[in-house]
Amino acid sequence: MAQELLPATSFFDQRFGVTSRDLDKVLSRALESKADYADLYFEYRSNEAISLEEGMVKNASSSAANGVGVRVLAEAKTGYAFTDDITIENLELAARTARYIAQNKGAPVPVPVGGAQGSPHNLYPVENQTGEVKLEERIALLHEMDRLARSLDQRVKNVFVSLVTQRKIVLVASSDGWVVGDVQPLIRLNVTCIAEDGGNRQMGTFGGGGRVGFSFLTEKNDYARYTREAVRQALLNLEAEDAPAGEMDVVLGPGWPGILLHEAIGHGLEGDFNRKKISAFTDRLGQKVASELCTVVDDGTIPTRRGSLNMDDEGTPTQRTVLIEKGVLRGYLQDRLNATLMKMPFTGNGRRESYAHIPMPRMTNTYMLGGDADPGDLVAGIKDGIWAVGFGGGQVDITNGKFVFSCTEAYRVKDGKVGAPVKGATLIGDGATALKQIRGLGNDMALDPGMGNCGKAGQWVPVGVGQPTIRINAMTVGGTEV
């Protein structure tokens with residue numbers, strides 16, 4: 001086995017008595033019967049959550065879970081088994097089970113390109129994590145946010161605040177002969193405010209976090225900024241008018257609106273969809289798929305970001321991958337299996353929700369690079385349209401890129417002048433067309449505040465998104481205006 005990079009190996013050895021010799025033994029079991037590759041994914045996860053509602057603590061909980069997943073690859077087949085009781089006997093049973101599922105019936109897959117090589121990262125601190133801060137101190141922060149929100153405007157009638165923290169220790173051992181580990185902190189603070197005026201009740205929500213400690217929220221008073229933003233959104237929605245409907249020009253704000261890019265385009269660039277030829281971007285490498293203004297990257301190496309990782313869940317160091325360069329499709333996001341079968345490099349995007357899940361190609365921090373336009377000029381160039389600043393949920397069809405997204409904050413724009421906020425606006429289109437209809441990029445590229453989660457095949461993982469202000473011509477807007 002190769003050298004240990006982070007303190008995960010000693011953790012699992014001390015806690016569960018799993019030695020390097022044991023890892024070799026289990027991997028040998030998994031590789032019998034002509035299997036091509038096997039790996040073990042150890043995980044220990046501790047979670048803490050506190051929520052405040054109506055000025056009272058409604059929930060304060062902590063939990064811990066651990067387990068190991070054993071994966072065996074044979075050609076395009078994957079065998080996977082897991083156990084939450086970490087003993088050598090259970091690991092060997094899981095290895096035999098995974099091997100049985102993925103019994104190799106044909107010629108072996110060619111030697112994969114890439115692998116768990118390159119310099120390891122150190123992207124986030126592991127000291128002073130939230131779990132080490134007294135419970136009373138964390139509860140006091142939530143009460144302060146409740147007090148602040150109510151003091152900002154008497155129309156604020158209720159406040160919901162939640163603080164969720166996680167500390168995950170992972171270890172990946174591979175039949176290729178390497179062992180790598182990581183200690184991964186994660187924190188998210190969220191606040192929702194309900195405002196009421198004359199029977200009209202509206203909501204505003206904001207939050208953030210990342211792979212940081214508790215001090216991240218307090219040193220620069222980020223908690224206060226989150227609170228003020230949630231109140232502002234709630235009060236703004238009290239004044240909102242019904243949204244227009246029809247085809248019109250749209251300007252998307254910077255930062256969190258990049259969730260549309262993530263859903264409508266990012267998923268279509270994941271390796272498994274393209275290997276199976278069910279993506280709108282299949283077999284289009286080297287072709288123009290977007291406006292020449294567009295460069296889209298996925299970068300798992302941005303320090304402390306929610307979507308960043310020192311290594312992916314297969315042990316491969318994360319990297320910065322250019323997906324679209326000046327409108328031309330340059331690459332896909334890959335895990336080990338799909339990269340091997342497509343004969344492409346690993347990109348460090350093999351991710352899984354937990355030890356009980358099979359890894360698959362997933363995004364980390366996906367964003368569009370900024371341009372040189374003044375954001376105000378992009379809005380001023382709209383004759384009749386909307387300026388969408390915030391987004392909620394949406395739906396996407398990976399096979400054709402068609403999407404529907406709801407706007408949580410948007411404004412009517414006429415003759416270049418920003419008018420009243422609108423409610424009930426949805427953006428309808430498809431990713432490929434939207435990319436080609438981009439007519440301007442602002443010089444204000446920003447990442448989201450650290451609140452993204454991504455779902456795929458029933459698995460959820462933390463991610464980041466980002467973009468500059470973007471002007472898109474002729475997008476369909478669904479509205480409620482009569």
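So how many residues does the range 178-222 have that are of a type in the set (Lys, Arg) and assigned to a strand (DSSP E or B)?
Here the count works out to 2.
Tell me the strands (runs of 3 or more DSSP E) entirely within the range 371-473 that contain at least 1 residues that are charged (D, E, K, R) and within 30 Å of Gln184 (Cα to Cα).
452-456
Can you tell me which residue within the range 307-332, out of those that are assigned to a strand (DSSP E or B) and touching a Ser or Thr at 6+ places or on another chain (Cβ under 9 Å), is most open to solvent (accessible area, probe 1.4 Å)?
Arg320
Those residues that are more than 16 Å from Gly253 (Cβ to Cβ) and either in contact with an Asp or Glu (Cβ under 6 Å, 6 or more places away or on another chain) or not polar (S, T, N, Q) (or both), I need them from the range 420-438; list them, please.
Ala420, Lys423, Gly424, Ile428, Gly429, Asp430, Gly431, Ala432, Leu435, Lys436
Which one of these does Ile302 not meet: (1) open to solvent by less than 10 Å² (accessible area, probe 1.4 Å); (2) within 23 Å of the chain's Cα centre (by Cα); (3) over 30 Å from Glu196 (Cα atoms); (4) touching a residue at least 60 places away in the same chain (Cβ under 8 Å)?
Unmet for Ile302, out of (1) open to solvent by less than 10 Å² (accessible area, probe 1.4 Å); (2) within 23 Å of the chain's Cα centre (by Cα); (3) over 30 Å from Glu196 (Cα atoms); (4) touching a residue at least 60 places away in the same chain (Cβ under 8 Å): (1).
The conditions are (1) out of contact with any helix residue (DSSP H, G or I) (no Cβ under 8 Å at 6 or more places or on another chain); (2) surrounded by 14 or more Cβ atoms within 10 Å (Cβ to Cβ); (3) modelled with pLDDT of 90 or more; (4) more than 19 Å from Gly181 (Cα to Cα), and Leu123 fails exactly one of them. Which is it?
So Leu123 meets the others, but not (4).
Based on this model, can you work out whether Ala290 counts as over 19 Å from the mean Cα position of the chain (by Cα) and open to solvent by 20 Å² or more (accessible area, probe 1.4 Å)?
Considered against the rule, which asks whether it is over 19 Å from the mean Cα position of the chain (by Cα) and open to solvent by 20 Å² or more (accessible area, probe 1.4 Å), Ala290 comes out as no.
Please state which one of Gly181, Gly208, Gly177 is within 20 Å of Gly350 (Cα to Cα) and under 22 Å from the mean Cα position of the chain (by Cα).
Gly181
Kindly check whether there is at least one residue in the range 215-225 that is charged (D, E, K, R), open to solvent by 40 Å² or more (accessible area, probe 1.4 Å), in contact with a Lys or Arg (Cβ under 6 Å, 6 or more places away or on another chain) and more than 26 Å from Leu309 (Cα to Cα).
no
From the list Ala81, Ala98, Ala74, which residue is without any contact (Cβ under 8 Å) to a residue 24 or more places away in the chain and open to solvent by less than 60 Å² (accessible area, probe 1.4 Å)?
It is Ala81.
Of everything in the range 163-207 that's surrounded by fewer than 24 Cβ atoms within 10 Å (Cβ to Cβ) and of a type in the set (Asp, Glu), which residue is nearest to Asn47 (Cα to Cα)?
Asp176
Sort out which residues of the range 188-225 are within 27 Å of Lys134 (Cβ to Cβ), modelled with pLDDT under 95 and among the small types (Gly, Ala, Ser), and write them in order of number.
Within the range 188-225, Gly213, Ser215 meet the criteria.
Conditions (1) modelled with pLDDT of 95 or more; (2) outside any strand (DSSP E or B); (3) crowded, with 22+ Cβ neighbours inside 10 Å, marked per residue:
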site	(1), (2), (3)
Ala2	no, yes, no
Leu6	no, yes, no
Thr9	no, yes, yes
Asp39	yes, no, yes
Asn47	yes, no, no
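Limited to the range 361-376, what total is found for residues that are under 10 Å from Leu447 (Cα atoms) and among the hydroxyl-bearing types (Ser, Thr, Tyr)?
Adding up the residues that qualify gives 2.
Each row is one residue, and each column tells you yes or no for (1) modelled with pLDDT under 95; (2) aromatic (Phe, Trp, Tyr); (3) open to solvent by 40 Å² or more (accessible area, probe 1.4 Å); (4) over 17 Å from Gly253 (Cα atoms).
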{"residue": "Ile358", "(1), (2), (3), (4)": "no, no, yes, yes"}
{"residue": "Arg362", "(1), (2), (3), (4)": "no, no, no, yes"}
{"residue": "Met368", "(1), (2), (3), (4)": "no, no, no, no"}
{"residue": "Ala373", "(1), (2), (3), (4)": "no, no, no, no"}
{"residue": "Asp377", "(1), (2), (3), (4)": "no, no, yes, no"}
{"residue": "Gly390", "(1), (2), (3), (4)": "yes, no, no, no"}
{"residue": "Thr399", "(1), (2), (3), (4)": "yes, no, yes, yes"}
{"residue": "Lys402", "(1), (2), (3), (4)": "yes, no, yes, yes"}
{"residue": "Thr408", "(1), (2), (3), (4)": "yes, no, yes, no"}
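The values are calculated or read from the model by the stated rules, or taken from the named source; none is laboratory data. Please read these numbers as outputs of a predicted model, since none were measured by experiment. Please note: Cβ atoms are built from the backbone with ideal geometry, for glycine as well, and neighbour counts cover all protein chains shown. With ligands, DNA and RNA removed, areas are computed over all heavy atoms of the protein, side chains included. Shrake-Rupley method; radii C 1.70, N 1.55, O 1.52, S 1.80 Å.
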